[in-house]
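Participant: One structure coming up, written as structure tokens, with questions to follow.
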Amino acid sequence: MTELILSLDVLDRKQAVSVAESCAPFIDAIKIGYPLVLSTGLSIVSDLADLALPLIADFKVADIPNTNRLICEAVFSAGFDAVIAHGFVGADAARTCVEVAHRHSGAAYIVAEMSHPGATEFFHGGVAERIAELAVTCRADGIIAPATRPERIARLREIVGSKAIYSPGVGAQGGDPDEVARLVDGIIVGRSIYEAENPGAEAERLSRIRR
Ligand code: XMP
């Protein structure tokens, strides 16, 4: 069954907890990025701990190996279960994130290709494929691939095989959940859920249509 991951990009702590609580029965993990952590601090991790859902730090880590190590150590010490890192920085830097994640019994996912229109400027022409290969070589737990381009997900699947593919870009960015859910291990959904009048009901609807 394809997982449903809530991208919790709201800025208010109370709203974040309330959206997460209402969606919790229907989702498999919560992805938290800079918008929420910069607004609330890392204490938001403990606020969500009672939900007992995996928490993914979408910090798109993209620095030199030593700085990546420091960032990832902080991520896992704060209580996150997984981290998202960029692969374009090279194998040494990406591998550092994977190693720290695994040392903490966590997971690391490498961004292979992004979902927004501008992503084609640099990720196409063989770059995304090379990053997907790097993710395999670095023993990452999976890659991030764009729900807005299902044909690209299919191409990257050929490279990563059974490794997990998580896919943002469903709904607000135009990706079709039905089509994408067949291709990936998890769809990542933000605005379509947290901007809905009833976020829990929207999460439930998405949880029913995923394959
Ligand atoms: P929406 O509101 O568009 O939120 O459903 C999507 C969430 O996913 C993030 N995002 C990406 N993360 N690669 C990533 O690693 C991508 O291609 C990508 N596209 C969107 C976005 O920041 C938001 O949190």
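Participant: Using the charge dipole of the chain (Lys, Arg: +1 at Cβ; Asp, Glu: -1 at Cβ; taken about the Cα centre), state which of Y109, I193, V170 has its Cα farthest towards the positive end.
Facilitator: Y109
Participant: In percent, how large is the relative contact order of region 3-208, given Cα pairs closer than 8 Å and 6 or more residues apart?
Facilitator: This gives 20 percent for region 3-208.
Participant: Report the net charge of residues surrounding D58, where surrounding means a beta-carbon distance below 11 angstrom and charges are Lys +1, Arg +1, Asp -1, Glu -1.
Facilitator: Its environment carries a net charge of +1.
Participant: Excluding ligands, DNA and RNA, what is the solvent-accessible area per residue of region 3-208 at a probe of 1.4 Å, expressed in Å²?
Facilitator: On a per-residue basis, 43 Å².
Participant: Please compute the Kirkwood hydrodynamic radius of the chain from all pairs of different C-alpha atoms, in Å with one decimal.
Facilitator: 16.9
Participant: Treating the beta-carbon of each Lys and Arg as +1 and of each Asp and Glu as -1, no other charges, what is the dipole magnitude of region 3-208 about its Cα centre, to the nearest 20 debye?
Facilitator: Charge dipole, region 3-208, about its Cα centre: 380 debye, nearest 20.
Participant: Which value in deg cm²/dmol, rounded to the nearest 500, describes the helix-derived mean residue ellipticity at 222 nm for the chain, given -39,500 (n - 2.57) per DSSP H run of n ≥ 4 and division by the residue count?
Facilitator: Dividing the helical sum by the residues of the chain leaves -12500 deg cm²/dmol.
Participant: Roughly how far apart, in whole Å, are the Cα centres of region 1-66 and region 96-146?
Facilitator: What the calculation gives is 20 Å, centre to centre.
Participant: Taking amide H positions as placed 1.01 Å from N in the peptide plane, with prolines and chain starts having none, which residues 5 or more places from G87, or on another chain, fall under 5 Å of its amide H?
Facilitator: Result for G87 returns V111.
The values are calculated or read from the model by the stated rules, or taken from the named source; none is laboratory data. Everything numeric in this text was worked out from a predicted model, so none of it was measured. For neighbour counting, all protein chains shown are included, and Cβ atoms are generated from backbone atoms with ideal geometry for every residue, glycine included. Note: accessible area is taken over every heavy atom of the protein model, side chains too, but ligands, DNA and RNA are not part of it. Shrake-Rupley method; radii C 1.70, N 1.55, O 1.52, S 1.80 Å.
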